[in-house]
1. Only residues that are acidic (Asp, Glu) and in a helix (DSSP H, G or I): list them for segment 288-334, please.
2. Residues Val159, Val203: which one is at pLDDT 90 or above and touching a His at 6+ places or on another chain (Cβ under 9 Å)?
3. Got at least one residue in segment 25-44 being under 24 Å from Ile163 (Cβ atoms) and touching a residue at least 40 places away in the same chain (Cβ under 8 Å)?
4. For Leu224, all conditions in the list (1) touching a Ser or Thr at 6+ places or on another chain (Cβ under 9 Å); (2) crowded, with 22+ Cβ neighbours inside 10 Å hold save one; what is the number of the exception?
5. Where in segment 174-261 are there helices (runs of 4 or more DSSP H), lying fully within it, with 3 or more residues that are polar (S, T, N, Q)?
6. Taking segment 267-297 only, how many residues are modelled with pLDDT of 95 or more, more than 18 Å from Leu229 (Cα to Cα) and not basic (Lys, Arg)?
7. Only one residue in Leu257, Leu318, Leu282, Leu294 is buried (at least 20 other Cβ atoms within 10 Å of the Cβ), assigned by TED's automatic domain parsing to the domain that holds Gly204 and within 17 Å of Ser213 (Cβ to Cβ). Which one?
Amino acid sequence: MAKIDAFFKLMNDQGASDLHLVSGSQPILRVRGEMERVEYKVLENDELKGMLYEIAPEDKVKIFEETGDVDFGYEIPGLARYRANFFLQKYGVAAVFRQIPSNVLSVEQLGLPDVCKKFAMLNKGLVLVTGPTGSGKSTTLAAIIDYANKMRKDHIITVEDPIEFVHKSQGCIVNHRELGTHTRSFAAALRGALREDPDIILVGEMRDLETISLALEAASTGHLVFGTLHTTNAPKTVDRVVDVFPANQQAQIRTTLSESLKGVIAQNLFKRIDKKGRCAALEILVCTYAVGALIREAKTHQIPSTMQTGKKYGMQTLDDAIMELLMKKWISPEDAYDKAIDKQKFVQFLKTPPPEF
């Protein structure tokens, strides 16, 4: 057993999502969104480096020493998997570990809307799950892939950095690929995937022009592609995809995207006030003919009003989802106001409205 494993056990016992180990500081856990110090001595650089290097593969240590940061996956059988990131900072080495549960939670267990199941059963197209870092994008995607894995008889390829949720082949064959270990880049993996007879491709992160371009190509040539972006809502997601391309290509990309995009799930995590835990507010865009026309005509600012009238298709705005959680008394008015798009709607619930109101 590695020395660092004791911290992972503590993480599990405390229900923490992240573990921070930093030279010159005590260990810190993120529990229900808040940082909590562990009663332990201050970690010295050499001691921490020894603990970290004990669990890191040799090639990852080499990359870390050459570049100053590295990502990889670490697993303790019977406990959990962890997404590890090592980095250098002023006082020496540091690391952050995100816990990835061994069991994939289902769409039902997460309380996701039924439209998420429809996304899992599409024959082709692009579905994007977006939100800030730590908003539960990976958990939502894992539930959708899990549903497809159970209900379909197809080939699923995932490309991640690093591999997070591990899906056992059920109705589908599932192949997991990790950046740096099994492939050079998301773009290289996507190019390869098109020759590997996939039905569903999961792209862990759509970071650059080449990856986004290849994902769109795959989605428009008969594959179902899932990807993530760090955008806050559905209209901004559409704009982000288009804006990645040079100006002279954007009109063509809008046309391609209007045909290929099938849905956007934009989510935010909230701390619950009724009990321990967190809950997600989801904005859902279903790409109907009307939405496709707005994308094609560069009228993304009109998408929210189309979402308001498209509830029968499973659409909902982020503000409506936040309001529903607030009415259930699951979240605080302050948290709702802070993460809302149209803050005016939530001012009436605040005990002390901010100066601008």
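The values are calculated or read from the model by the stated rules, or taken from the named source; none is laboratory data. Since the model is a prediction, treat every value here as computed from it, not as a measurement. FYI the Cβ positions are ideal-geometry reconstructions off the backbone, even for glycines, and counts take in every protein chain you see.
1. Within segment 288-334, Asp319, Asp320, Glu324, Glu334 meet the criteria.
2. After applying the criteria, what remains is Val159.
3. no
4. With respect to (1) touching a Ser or Thr at 6+ places or on another chain (Cβ under 9 Å); (2) crowded, with 22+ Cβ neighbours inside 10 Å, Leu224 is out only on (1).
5. 209-220, 250-260
6. Residues that pass the stated criteria total 8.
7. On inspection, the qualifying residue turns out to be Leu257.
Conditions (1) small (Gly, Ala, Ser); (2) in contact with a strand residue (DSSP E or B) (Cβ under 8 Å, 6 or more places away or on another chain), marked per residue:
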position	(1), (2)
Met51	no, yes
Arg81	no, yes
Phe87	no, yes
Ser102	yes, yes
Leu105	no, no
Pro113	no, yes
